Amino acid sequence: MLNSKTEALGIIFPNSYDAMVPDLVSERLMASIPFASRYRMCDFILSSMVHSGIDNISIIVRKNYHSLLDHLGAGREWDLVRKNGGLNIVPPFAQKQVKVFEGRIEALESLRGYLLKQPQKYVIMTDANIAINFDFNELLDAHIKSGADVTMMYRKQEIPKAFIRQSRDRMDLYYALGMNGDRVSKIYINPTEEGEMNFSMNIYVVEREFLIHMIDDAYVHGHTYFVRDLLDKQIDRLDIRGFCYDGYVVNIHDTQSYFEENMRLLQEENLNALFSPNQIYTKIRDDNPTRYINGSKAKNVMVADGCVIEGDVENCILFRGVKIEKGAKIRNSVLMQDTVVKAGGRLDYVVTDKNVTIEVGQELKGTDTQPFYVAKGHTV
């Protein structure tokens, strides 16, 4: 087993696929989207890295990152307060010019000076729109054993329809892999075919010095995207391997998938799969235990601390500080932090962002394929 504590560092791209969830990221980024009643999306990748012995992690932010800074702080909850390494949050401007980066190549070029000074031999890069509970040593060991230049992590699945439905004016890139054994023989860019494909998870491992060399060359030539402009164009020259992941994974790519992925956790087998074998760390908030007032009903719910339930709740995810008043009936909904549903409110297939108030007797109803969304801080 690789001693990853000294051999690998992590890089997280927290703004990836922001454009696909505009409602959820109007005041935050993908990495800080609340998930699973008390967590943020970044908690899962960070916790997996820390449990894998990776204690030098950089997060290259692009925009709307203040909520992420507030959530992560210095990284204490993830044991990342270190004299050397630890948590490094990189501002959204390149070193050589005041310009917000567009793709991974520009983002990594802005980190070049930092990468040159690090002692770790390998770099693991990942987006933050996925949640997994994974030992990254498995990926690192496979990469080292194969002798690959780059290893790409993928899973066998259909392409999410939200990717295929994207506007052609502003498309986020996604990839599927053509495999010859464990070697990547072709990279399909924004494929639209139906059926199971080798869908890239946008998790990569590469030697640090080789990564710096690749990025320097790509940046000089004006390239932007790591996979499209670099890996795909050099696929015949580079030894690119695939690592198939068959564990439980959450993938957020639109509001519907956000709703569905939360609701999946109401099934015990899914909850156990995501939250084991290792603990998921998050920011600690001192709250009282949730109170269930006499006459309240709660069935098949995931409830964080600090909630007060007087009404009737079924098949719901409730974040910290949610209040359900007497006579309110909530079904199939995701209520983020400090949502208040006043007396007699009726919600079905609804997602409320933080600090939402549902007025007395108000009724909101969506569907399982199109949940009704209420923006942060709104009263309806």
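The values are calculated or read from the model by the stated rules, or taken from the named source; none is laboratory data. Being a predicted model, the structure only gives us computed values, none of them experimental. A quick note on method: Cβ atoms are made from the backbone with ideal geometry, for glycine too, and the neighbour counts reach across all protein chains shown.
Search segment 44-62 for residues that are basic (Lys, Arg) and pair each with any residue that is part of a strand (DSSP E or B) when their beta-carbon atoms are under 9 Å apart and the residues are at least 6 apart or on different chains.
Note: pairs meeting the criteria are ARG62/PHE13; ARG62/VAL100.
For segment 355-369, enumerate the residues that are in a loop (DSSP other than H, G, I, E, B), touching a Phe, Trp or Tyr at 6+ places or on another chain (Cβ under 8 Å) and of a type outside the set (S, T, N, Q).
Narrowing segment 355-369 to residues in a loop (DSSP other than H, G, I, E, B): 355-356, 359-362, 366-369.
Then keep just the ones that are touching a Phe, Trp or Tyr at 6+ places or on another chain (Cβ under 8 Å); that gives 366-368.
Scanning segment 355-369 gives GLY366, ASP368.
For (1) surrounded by 15 or more Cβ atoms within 10 Å (Cβ to Cβ); (2) of a type outside the set (S, T, N, Q); (3) within 18 Å of PHE134 (Cβ to Cβ), each residue gets a yes or a no:
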residue	(1), (2), (3)
ILE187	yes, yes, no
ASN190	yes, no, no
GLU196	no, yes, no
SER200	yes, no, yes
ASP217	no, yes, no
ILE252	yes, yes, yes
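Looking at segment 197-231 only, could you name the residues that are in a helix (DSSP H, G or I), touching a strand residue (DSSP E or B) at 6+ places or on another chain (Cβ under 7 Å) and closer than 27 Å to GLU7 by Cα? I'd like the intermediate steps shown before the answer.
The first filter runs over segment 197-231 and keeps only residues in a helix (DSSP H, G or I), leaving 208-220, 226-231.
Applying the additional criterion that residues be touching a strand residue (DSSP E or B) at 6+ places or on another chain (Cβ under 7 Å) yields 208, 211, 227-228, 231.
ARG208, LEU211, VAL227, LEU231 - these are the residues of segment 197-231 that are in a helix (DSSP H, G or I), touching a strand residue (DSSP E or B) at 6+ places or on another chain (Cβ under 7 Å) and closer than 27 Å to GLU7 by Cα.
Here are some residues: VAL322, VAL351, VAL313, VAL334. Which one is touching a helix residue (DSSP H, G or I) at 6+ places or on another chain (Cβ under 8 Å), modelled with pLDDT of 95 or more, more than 14 Å from VAL380 (Cβ to Cβ) and hydrophobic (A, V, I, L, M, F, W, C)?
Working: VAL322 fails: touching a helix residue (DSSP H, G or I) at 6+ places or on another chain (Cβ under 8 Å); VAL351 fails: more than 14 Å from VAL380 (Cβ to Cβ); VAL313 fails: touching a helix residue (DSSP H, G or I) at 6+ places or on another chain (Cβ under 8 Å).
Every option except VAL334 fails the conditions.
Within segment 14-52, count every residue that is of a type in the set (A, V, I, L, M) and at positive phi. Walk me through how you get there before you give the answer.
Residues of segment 14-52 that are of a type in the set (A, V, I, L, M), as a first pass: 19-21, 24-25, 29-31, 33, 36, 41, 45-46, 49-50.
Those left that are additionally at positive phi: 36.
Qualifying residue count for the region: 1.
Of the residues that sit in segment 292-334 and are surrounded by fewer than 18 Cβ atoms within 10 Å (Cβ to Cβ) and of a type in the set (Gly, Ala, Ser), which one is farthest from THR255 (Cα to Cα)?
GLY295
What residue, among those in segment 219-244 that are acidic (Asp, Glu) and more than 16 Å from PHE13 (Cβ to Cβ), is surrounded by the fewest Cβ atoms within 10 Å (Cβ to Cβ)? Lay out the reasoning, then the answer.
Taking segment 219-244 first, the residues acidic (Asp, Glu) are 229, 232, 236, 239.
Still in the list and also more than 16 Å from PHE13 (Cβ to Cβ): 232, 236, 239.
On the way: ASP232: 18, ASP236: 7, ASP239: 13.
Restricting to residues being acidic (Asp, Glu) and more than 16 Å from PHE13 (Cβ to Cβ), the top hit is ASP236.
For SER333, state whether it is in contact with a Cys (Cβ under 6 Å, 6 or more places away or on another chain), outside the structural domain of ASN251 (by TED's automatic domain parsing) and not β-branched (Val, Ile, Thr).
So SER333 passes the test.
Which residues, taken from segment 137-169, are within 23 Å of ILE124 (Cα to Cα), of a type outside the set (A, V, I, L, M) and either free of Cβ contacts under 8 Å to residues at least 12 places away in the same chain or surrounded by fewer than 21 Cβ atoms within 10 Å (Cβ to Cβ) (or both)? Break it down into steps so the answer makes sense when it comes.
We begin by selecting, within segment 137-169, every residue within 23 Å of ILE124 (Cα to Cα); these are 137-157.
Pick out the ones that are also of a type outside the set (A, V, I, L, M) and you get 137-138, 141, 143, 145-147, 149, 151, 154-157.
Result: ASN137, GLU138, ASP141, LYS145, SER146, GLY147, ASP149, ARG155, LYS156, GLN157.
Scan segment 258-276 and give yes if some residue there is under 20 Å from THR357 (Cα atoms) and either surrounded by 19 or more Cβ atoms within 10 Å (Cβ to Cβ) or among the hydroxyl-bearing types (Ser, Thr, Tyr) (or both), otherwise no. It would help to see each step written out before you state the result.
If we filter segment 258-276 for residues that are under 20 Å from THR357 (Cα atoms), which is where we start, we get 259.
If we keep only those that are either surrounded by 19 or more Cβ atoms within 10 Å (Cβ to Cβ) or among the hydroxyl-bearing types (Ser, Thr, Tyr) (or both) as well, we get 259.
The answer is yes, given that some residue of segment 258-276 is under 20 Å from THR357 (Cα atoms) and either surrounded by 19 or more Cβ atoms within 10 Å (Cβ to Cβ) or among the hydroxyl-bearing types (Ser, Thr, Tyr) (or both).
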